[in-house]
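The values are calculated or read from the model by the stated rules, or taken from the named source; none is laboratory data. The shown structure was predicted, so the numbers you read here are calculated from the model rather than taken from an experiment. Positions of Cβ are generated from backbone atoms using ideal geometry, with glycine treated the same way; all protein chains shown enter the neighbour counts. Each accessible area value is taken on the protein alone, full model and side chains, heavy atoms only, with ligands, DNA and RNA left out. Shrake-Rupley method; radii C 1.70, N 1.55, O 1.52, S 1.80 Å.
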Amino acid sequence: MNTILAAKDLWSPDAFQAALSTRAGLQQTDPDPYEDGLVHLGRLAGASKSYGDPRDGSAAKPDAVWVFDSARWIIWEAKNQATETGEIGADQARQAGGHRRTTEKAEGAVAPGDSICVLASPKKKVNDGAYNVAEENLYWVRPPQVLALFDTLTRAWQDARARGLEAMSLTELGRFLRII
């Protein structure tokens, strides 16, 4: 965990405040700030690696990937620009579910067994066809759930900082962050 904290520089108040400012991106429908917000959210969650689509014009890449060493990967497909009307269709389910294979190729490793793909969409319904083609590791979340996760993580970090984060042992910090 010390390596994760050092790499993400969450000890530094300035770096921590910069990560907090990404909440605004998670409230937008513009894909780029939203995807950047997901990457920062992964850092706050303690991912050893958190990265996004390089926006190099190549298609079929996840919008964010959180790697928790060999324990779990969380792979995101964001459809935040969609409206609430209509349904999540089979194409979106296939795209999000296929990102695990794309990430395995990029990482040069097989995803840990508990890895998941997350489809973030404001849509309120899922088409039956999407259920039929969805991978077993695909989960659907709506934007308020993503913001709630962000708020929970930032409150936990703020509480840890208020209790003297710099003086906490890694065991104490780990125990503290597990309560969220």
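So for the pair residue 110, residue 158, with labels modelled 7 Å out along Cα→Cβ, what separation do we get in nm?
4.3 nm
Can you list the aspartates and glutamates whose alpha carbon sits under 14 Å from that of residue 61, skipping same-chain ones fewer than 8 residues off?
32, 35, 53, 77, 104, 107
Mind checking the per residue accessible area of the chain for me, 1.4 Å probe, whole number of Å²?
Per-residue accessible area for the chain comes out at 52 Å².
What value, in deg cm²/dmol to 500, does the helix sum -39500 (n - 2.57) over DSSP H runs of n ≥ 4 give at 222 nm once divided by the residues of the chain?
Mean residue ellipticity at 222 nm (helix-derived): -14500 deg cm²/dmol.
Could you work out the equivalent-ellipsoid semi-axes for the chain, taking the square root of 5 times each eigenvalue of the Cα gyration tensor, largest first, in whole Å?
29, 18, 15
In the range 126-180, which GluC sites (Glu not before Pro) fall in coil by DSSP and have 12 or fewer other Cβ atoms within 10 Å?
Passing both the DSSP loop test and the Cβ count: 136.
With only Lys, Arg, Asp and Glu charged, each at its Cβ (+1 for the first two, -1 for the last two), find how big the charge dipole of the range 25-180 is about the Cα centre; round to the nearest 20 debye.
It comes to approximately 320 debye.
Once you place label points 7 Å from the Cα toward the Cβ at residue 55 and residue 133, how far apart are they in nm?
The modelled label-to-label distance comes out at 2.8 nm.
Share of the range 81-180's accessible area from carbon and sulfur, percent, 1.4 Å?
Answer for the range 81-180: carbon and sulfur cover 50 percent of the accessible area.
Hull surface divided by four, with the convex hull built on the Cα atoms of the range 38-136: how many nm²?
6.5 nm²
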